[in-house]
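The structure under discussion appears below in the form of structure tokens.
The values are calculated or read from the model by the stated rules, or taken from the named source; none is laboratory data. Since the model is a prediction, treat every value here as computed from it, not as a measurement. Cβ: placed from backbone, ideal geometry, glycine included. Neighbour counts: every protein chain shown. Accessible surface is based on the protein model in full, side chains and every heavy atom, while ligands, DNA and RNA are left aside. Shrake-Rupley method; radii C 1.70, N 1.55, O 1.52, S 1.80 Å.
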Amino acid sequence: MKKLAILLVALSFAACQSEKKASDQEDSSLVEMSANDGLSFKYDSLKVFSKPNPSAKTKSTDTTYVRMVYPVFSNPKLNQLLEQKTVEAMINPDDKKDQTYQQVADAFVKNYENLRDTEGTAAAWFIDAETKVLTDQPDYLGLEHSLVNYAGGAHPNSAMVYWNINPKTLQEITLESLINEGSMPQLVAIGEKIFRKNEKLSPTASLKDNYFFENDKFDLNRNFTITKEGLKFLYNPYEIKAYAYGSTELIIPFSDLKTIARPNTLLSPTK
């Protein structure tokens with residue numbers, strides 16, 4: 001996707017300014033959850049606010065903040081993996097990856113306060129990140145990580161990413177591992193047919209003017225999850241369309257996957 005790299009860099013740069021203040025941290029609350037008779041987990045949360053500018057003549061009501069919500073499982077290695085993936089989604093690729101939720105939040109708020117106190121920046125920043133458990137099965141953990149942040153500019157940035165993990169091995173479940181070898185072109189063709197129908201495009205209509213596909217040719221990204229309806233893909237703002245159009249969803253029903261799904265996998269019609 002032409003804009004995918006730009007999207008990720010833009011989001012990570014804004015979030016790389018990651019900052020939080022350890023002083024105004026709220027007590028995190030844990031809520032017991034269990035889905036589909038799978039792994040039990042709890043949701044934990046972290047919320048931190050900036051402090052007022054001590055040298056300001058008037059008090060501002062705008063407060064920079066960081067809010068994070070994330071699941072906590074009984075497996076420490078799984079929790080560490082999810083924390084790492086969250087951090088990597090929020091910081092600049094050139095920054096260190098060995099940071100915690102707390103460190104990312106602290107850095108974001110500190111960066112804002114330093115800029116505000118030295119240059120008089122007034123507009124508040126924020127990070128709002130949430131990881132939800134969509135599917136919780138012994139061999140499949142499907143998660144949705146959403147990020148909305150603002151660190152200056154015309155508007156906030158937003159993105160939603162799906163994570164597909166085998167909770168037993170902690171390995172990523174890739175799209176290629178779910179379909180027969182060599183069947184990716186067929187899957188793309190199925191996806192394009194559905195995409196054109198959703199977008200009200202004819203089979204031969206050009207994608208050049210209104211979409212950002214590489215070489216103006218439709219393609220599936222790797223941002224997918226598995227729902228009750230089928231294989232769901234999500235394109236974030238700026239990825240294939242202008243920001244004003246928001247995100248784009250595409251669902252390929254299981255019935256369309258019968259000839260290309262690997263046997264005994266999550267996409268297998270008999271599973």
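What spacing in nm lies between the two simple spin-label points modelled at A244 and D117, each 7 Å away from Cα in the Cβ direction?
Computed distance between label sites A244 and D117 equals 4.1 nm.
Once you have a ≥ b ≥ c as the square roots of the Cα gyration tensor eigenvalues for the stretch 115-266, tell me rounded if a/c is under 1.5, and otherwise prolate or oblate according to whether a/b is larger than b/c.
Here the stretch 115-266 falls in the oblate category.
For S50, S255, give me the order by solvent-accessible area with a 1.4 Å probe, most accessible first, ignoring ligands, DNA and RNA.
The ranking, largest first, comes out as S255, S50.
Between N53 and K197, 0.36 nm times their residue separation minus their Cα-Cα distance comes to what?
Gain in length upon complete extension: 46.5 nm.
Arranged from highest to lowest average of other beta-carbon atoms within 10 Å per residue, in what order do the peptides 195-205, 232-242 appear?
Going from most to least packed, we get 232-242, 195-205.
Take the solvent-accessible surface of the protein heavy atoms, probe 1.4 Å, and return the percent of it on the stretch 118-271 that carbon and sulfur atoms account for.
Here carbon and sulfur together make up 50 percent of the probe-accessible area.
Could you sort out which of K132/K197; K42/K77; K197/K217; K132/K200; K132/K241 sit more than 27 Å apart by Cα distance in this structure?
K132/K197; K132/K200
Can you classify the stretch 130-193 as rounded, prolate or oblate using the Cα gyration tensor, where a ≥ b ≥ c are the square roots of its eigenvalues, rounded means a/c under 1.5, and otherwise it's prolate if a/b beats b/c and oblate if not?
oblate
What is the extension gain from D139 to D44, computed as 0.36 nm multiplied by their sequence separation minus the C-alpha to C-alpha distance, in nm to one decimal?
Value of the extension gain: 31.9 nm.
Within 10 Å of each candidate Cβ there may be at most 14 other Cβ atoms; applying that plus a DSSP loop requirement, which GluC sites (Glu not before Pro) in the stretch 129-190 survive?
E181
Residue farthest toward the positive end of the dipole of the stretch 122-271, with Cβ of Lys/Arg at +1 and Asp/Glu at -1: which of Y243, L207, G230?
Value: G230.
So if R0 is 35 Å, what FRET efficiency would H155 and E214 give, r being the distance between their Cβ atoms, rounded to the nearest 0.05?
Rounded to the nearest 0.05, the efficiency is 0.90.
Answer with one residue from I179, L267, A189: the one whose Cα lies farthest towards the positive end of the charge dipole of the stretch 177-271, charges on Cβ with Lys, Arg +1 and Asp, Glu -1.
Highest projection toward the positive end goes to L267.
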